[in-house]
Amino acid sequence: MTQASSAGEGASANSFGVLDDVGKTFPGSSRGAPEVVALERVTYSFKQGELVSLLGPSGCGKTTLLRILAGMTAASSGRVEVRGRVVTGPQEDFGFVFQTPNLLPWRTVLANVLFPMEIAGKNDAAAKKRALELLELVGLAAFAKSRPHQLSGGMKQRVALCRALVPQPSLLLMDEPFGALDELTRMEMQDLLLDIRRVAGTTVVFVTHSISEAIYLADEVLVFSKRPGRVIDRIRTELAYPRRPELRYTPEFTALEHRAGAGLGVVHARGAP
Ligand SMILES: Nc1ncnc2c1ncn2[C@@H]1O[C@H](COP(=O)(O)OP(=O)(O)O)[C@@H](O)[C@H]1O
Ligand SMILES: [Mg+2]
């Protein structure tokens, strides 16, 4: 593959993740479920340390694309590479955060964070130290011995974030992680994620259907059409980090929201009638 035909700018040696003409069709079933074309011709690449938002309407294939990147679902066509290697199966060193925190109710907060280390047989003193540092970073040091039922929704999601980060994943995949939170908590969590990412330098792919969330967080926003999901815009935000909550009320931010909204068909493009 030549660079010109590849995943656009950045699909060179310094790309961390590459999606090259990726498609996904779920076959119909003998019980009458129809065939579903979930994704079509998705070509994209991103660099190490970047935070990329995948923005699109419900059902456009965002979760499917995240699963394809993670090697949990096979693409029907195209090629997926992470760190120069073709993804053919589940990647052990990736972290996940989903919309529901899925904590084990009988375990303490600390034991929940350490759970993946236990599974991997790496639950040593260094792991515990790191877990406690992460809990400190997210403001939950005092809750290390609490149980999940003693925490609010936002606190539980902070625990889930620590659990995903404790193995020091090379890539953090987040699927609408703040979607179930109230708006104020959600904004706090966005700032917290950016803080952690600044400290840990983790590469993040973040799925959301919130236009403002996608823009606030990301170096780059990939905008998807309705199903079958195709990339309709790629928006480099060019907004300085660290972000400040006031940023949401600036003309630059509003212009980016407008552009994404136009791509999604929720507002008219500037200059259009
Ligand atoms: N395992 C599956 N089998 C059949 N269809 C699926 C499966 N997973 C997802 N789909 C379909 O693929 C489309 C995209 O789903 P999804 O990736 O979950 O979208 P999003 O996360 O953007 O809401 C939907 O129409 C969904 O019903
Ligand atoms: Mg989804």
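Quick note: the coordinates plus some simple rules give every number you see, no bench work behind them. Here the structure is a predicted model, which is why all the values come from computation and not from measurement. For neighbour counting, all protein chains shown are included, and Cβ atoms are generated from backbone atoms with ideal geometry for every residue, glycine included.
Quick notes
- Karplus-derived 3J(HN,Hα), 6.51/-1.76/1.60, for each residue of the stretch 238-253, Hz, glycine and proline x: 6, 9, 5, 9, x, 6, 10, x, 4, 3, 4, 10, 8, x, 4, 5
- The stretch 46-85-the stretch 141-158 distance, computed between alpha-carbon centres (Å): 30 Å
- Once you divide the Cα radius of gyration of the stretch 80-134 by 2.2 N^0.38 Å, the number left is 1.39.
- Here the dipole of the stretch 222-273 is about 240 debye; that uses its Cα centre as origin and unit charges on the Cβ of Lys and Arg (positive) and Asp and Glu (negative).
- Computed Kirkwood radius, in angstrom, where 1/r is averaged over Cα pairs of the stretch 34-139: 16.7 Å
- The smallest convex shape that holds all Cα atoms of the stretch 66-211, its convex hull, gives 126 Å³ per residue.
- Kirkwood radius and radius of gyration were both taken over the C-alpha atoms of the chain, and their ratio Rg/Rh is 0.98.
- Positive end of the dipole of the chain (Cβ unit charges, origin at the Cα centre): among Leu173, Ala255, Leu222, the Cα lying farthest that way belongs to Leu173.
- On the basis of the beta-carbon distance and an R0 of 51 Å, Val36 and Ser152 show a calculated FRET efficiency of 0.90.
- Rounded to whole Å, sorted largest first: equivalent-ellipsoid semi-axes of the stretch 142-233, Cα gyration tensor: 26, 16, 12
- Taking θ as phi - 60° and the Karplus parameters 6.51, -1.76 and 1.60, the scalar couplings of the stretch 130-145 work out to 5, 4, 5, 5, 5, 4, 4, 4, 8, x, 10, 4, 6, 9, 3, 9 Hz in sequence order, x denoting glycine and proline.
- Pairs from Lys47/Lys145; Lys24/Lys47; Lys24/Lys122; Lys128/Lys156 whose Cα-Cα separation, in the structure shown, is over 27 Å: Lys47/Lys145; Lys24/Lys122
- For the chain, size of Cβ-based charge dipole, Lys and Arg +1, Asp and Glu -1, in debye: 500 debye
- Sum of side-chain charges, Glu188 neighbourhood, beta-carbon under 13 Å (Lys, Arg +1; Asp, Glu -1): -2
- Taking every DSSP beta bridge that has both ends in the chain, the antiparallel portion is near 50%.
- Gaussian network model of the chain, Cα within-10 Å springs - most flexible of Phe16, Phe253, Phe224: Phe253
- Table column - 3J(HN,Hα) (Hz), the stretch 79-89, Karplus curve with 6.51, -1.76, 1.60, x for Gly and Pro: 9, 10, 10, 10, 6, x, 10, 5, 7, 10, x
- Cα gyration tensor shape of the stretch 148-187, rounded if a/c is under 1.5, else prolate or oblate by comparing a/b with b/c: oblate
- By the beta-carbon count within 10 Å of each Cβ, the least crowded to most crowded order of Glu50, Glu238, Glu133, fewest first, is Glu238, Glu133, Glu50.
- Average 1/r across all pairs of distinct alpha carbons in the stretch 23-93, invert it, and you get the Kirkwood radius: 13.5 Å.
- Packing-based exposure ordering (other Cβ within 10 Å, fewest first) of Ser152, Ser15: Ser152, Ser15
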